[in-house]
Structures are given as structure tokens and as C-alpha cells.
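The values are calculated or read from the model by the stated rules, or taken from the named source; none is laboratory data. This one's a predicted model, so the numbers in the text were calculated from it and none came from an experiment. Here the Cβ is made from the backbone with ideal geometry for all residues, glycine too, and neighbour counts use every protein chain on show. What goes into the accessible areas is simple: the full protein's heavy atoms, side chains included, and nothing from ligands, DNA or RNA. Shrake-Rupley method; radii C 1.70, N 1.55, O 1.52, S 1.80 Å.
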Amino acid sequence: MKILLTTTSFQDTPGPHHELLESKGYEIHRERGPLSEEKMLELAGDYDAFLCGDDAITRSVLEKSLPKIKLISKYGIGLDKVDVDAATDLKVPVTFCPGVNHTTVAEHTFGLLFAVYRKIVTEANYVSEGRWKRMTGHEVMGKTMGLVGLGRIGREVAIRAKAFGMKVLGFGAYWPEEFTQKQGIEKMGSIDELIKRSDILSIHTKLTEETRGMINSNRLKLFKDGSVVLNCARGEIVETSAMVEALNSGKLLGYGADVLDAEPPPTDHPLLKVENAVITPHIGSRTMESVERQATMAVKNLIAVLEGREPLAQANSF
């Protein structure tokens, strides 16, 4: 069996997932993802399985991978880069790894919040430059956090927000009634209502045609002056040009994001030049603990399918 391994988190982080993958005697070809459709088309056709991150697994890539391809094993939970419908049509199983990174991403969300609210990155850079310049930040206690999405990650963020003394509002297609009642989370009837009432909006929803560009110029006008937006979901949910304008005008206090609409971004990406934006390189789930959980599950999914067994989690059926 020949495996294409592209996820850099898997490759860069030591742990038992390496031994588990190598124990099967597969021929493993390593690339540094995320890979473009062009690069995937160049590689496709020679592999029995992809163990992938956020590479472009399009219908064209899948068609070129036939008849050899037996499996797409997604490292992580986001499937927006994989054409699952095409995989289903072509009878290619797509596995993924739910339930392995929610605490990690929730913690990173608060890291971004404190970086924005307390200007930690800016202040630390001043000190490293030999400048003792002290700025005045904000407390999170008493603020209202609006959550877009109350899946596993959104719920973990809610628990932490309540622990910090914040009021929590929520909006999403999925509403966990028992959890929200226990945590005292108020349900909003629309995304616009959520935005208007939030001091901090934290995005934890999937990228779909409905959510693409959801935070746009019209919606940014609805925010309270001095609000903060956090995005540990997908960069495409936020319109970049509109966000830059809202930050430069002072409408928003800041934007903390672990994702961008182009990854890795070009050096002239407009959000990289905005002083009150804190951008991290899609590391929200990249901890030693989380990588081991995700990578091990991805490998177990891969082995199970290649050996004719049921995987731990599969995104499609046929």
C-alpha cells in the first residue's frame, strides 16, 4: 500500500502515531501541505490512500486518483477542502476525526482574546525591542460573548467564558438544549441579533455556502463600537476587505484569528498589515496532546478501511 501523507502537524509532532503508521509496512510519501489542487493533480493516481490535512481534494483530484485510491483519511474535523459529494459518487470513503481537538481550540480562542484585549503581543514586542511602553487593556469579566455555533468547540468556549464571568449568547442550526440551559446561554433568533448584543463574537461554525462571507461589510456595521471578533473556524467566513476596513476605521477593537482565506497567506495579505489584528498560523489544534489524539485516530481510520473494517468515524456512506 502506498500512502500520501500531507499534514504537517502529524509530521512535525513526535508521538506514537508515527510508530502506528509505520508498523503496517506501508510505503509512505510525505509532502508539506496544504497542497493546491494543481499539486494534488500532479500527485494523484499513484496512491492507495491520502492521509491529508487541508489539501484541495476536488472531484478532479478524486477522479484522477481512481482506480487505485481506496480512502481519504482526514486529519482533523474540517471537511470543506474535501469534495465529500464527489467522493460519495465515486465510492471513496472519507474518514475524519471528531471529538479530538475541541478543548485545544477553545483554549486557543481565549489566547487570541487575551492577546487582543490585553495587547499582549504588542506589549511583548515592545519589551523585546527595549521599549518599556505600557498600554491599557480591557477585562473580559462582565462582557458578553456571542457564539456562532454550539458544537463541541463552541460548547467548550462557552464553559470557559462562563468561568471568566462573561454572559454568553448563542446562535446556530444546532442547539443543545440541556447544555445551554445548564450554562445559562441565551438563544438568539438570528446572526444579526447575536452581533448587535455581543461585545465579543467568536466563530465556531463550518464553512458552507451559507456561512461563506457571513461576516461582511453590512454585518460589521451592526457591531457595537469597540467590539472584537474571534475566528478559529475558517478564514472564508469573514470577508477580508470588510474586516480590514472595520479595524482601520476603529469600528472594531480587534480581530483575533487562527485562520485566513489563503493559507499560507501571501506576504502582502491585507490582514497582516493591520495593527489591531492578531493572526496565528492555523495552530488552534496544534498541541502535543491534540496532535497525538488526531493523528492516532486518523491512522486508525486509515488502517481500518484498508483492512476492510469499519473506521472510527466516516463522513460519507454509499
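Consider residue 202 carefully, then state whether it is at pLDDT 95 or above and touching a Leu at 6+ places or on another chain (Cβ under 9 Å). Steps first, answer last, please.
Numbers: at pLDDT 95 or above: yes; touching a Leu at 6+ places or on another chain (Cβ under 9 Å): yes.
Yes, satisfied.
Residues in the range 111-139 that are in contact with a helix residue (DSSP H, G or I) (Cβ under 6 Å, 6 or more places away or on another chain) and touching a residue at least 40 places away in the same chain (Cβ under 8 Å): 115, 121, 138. Screening residue 259 on (1) in contact with a Leu (Cβ under 9 Å, 6 or more places away or on another chain); (2) under 19 Å from residue 149 (Cβ atoms) shows it passes everything except condition (1). Among residues of the range 250-269 that are open to solvent by less than 60 Å² (accessible area, probe 1.4 Å), those with a Cβ under 9 angstrom from a residue that is among the basic types (Lys, Arg), sequence gap 6+ or separate chain, pair up as 251/221; 254/119; 259/234. In the range 1-17, the residue that is nearest to the chain's Cα centre (by Cα) out of those that are within 16 Å of residue 44 (Cβ to Cβ) and of a type in the set (Val, Ile, Thr) is 6.
Only one entry of 35, 20, 62, 43 meets the criterion of being touching a residue at least 24 places away in the same chain (Cβ under 8 Å), within 26 Å of the chain's Cα centre (by Cα), surrounded by 14 or more Cβ atoms within 10 Å (Cβ to Cβ) and within 17 Å of residue 307 (Cα to Cα), and that entry is 20.
Only a single criterion out of (1) open to solvent by less than 70 Å² (accessible area, probe 1.4 Å); (2) outside any loop (DSSP other than H, G, I, E, B); (3) closer than 24 Å to residue 115 by Cα is not satisfied by residue 222, namely (2).
Can you say whether residue 91 is of a type outside the set (A, V, I, L, M) and surrounded by 18 or more Cβ atoms within 10 Å (Cβ to Cβ), as far as the supplied structure shows? Even if it seems obvious, please write down each step before you answer.
On the way: of a type outside the set (A, V, I, L, M): yes; surrounded by 18 or more Cβ atoms within 10 Å (Cβ to Cβ): no.
Judged against the criteria, residue 91 is not a match.
Working only within the range 197-213, note down all residues that are among the hydrophobic types (A, V, I, L, M, F, W, C) and either within 16 Å of the chain's Cα centre (by Cα) or open to solvent by 20 Å² or more (accessible area, probe 1.4 Å) (or both). Passing the criteria: 201, 203, 207.
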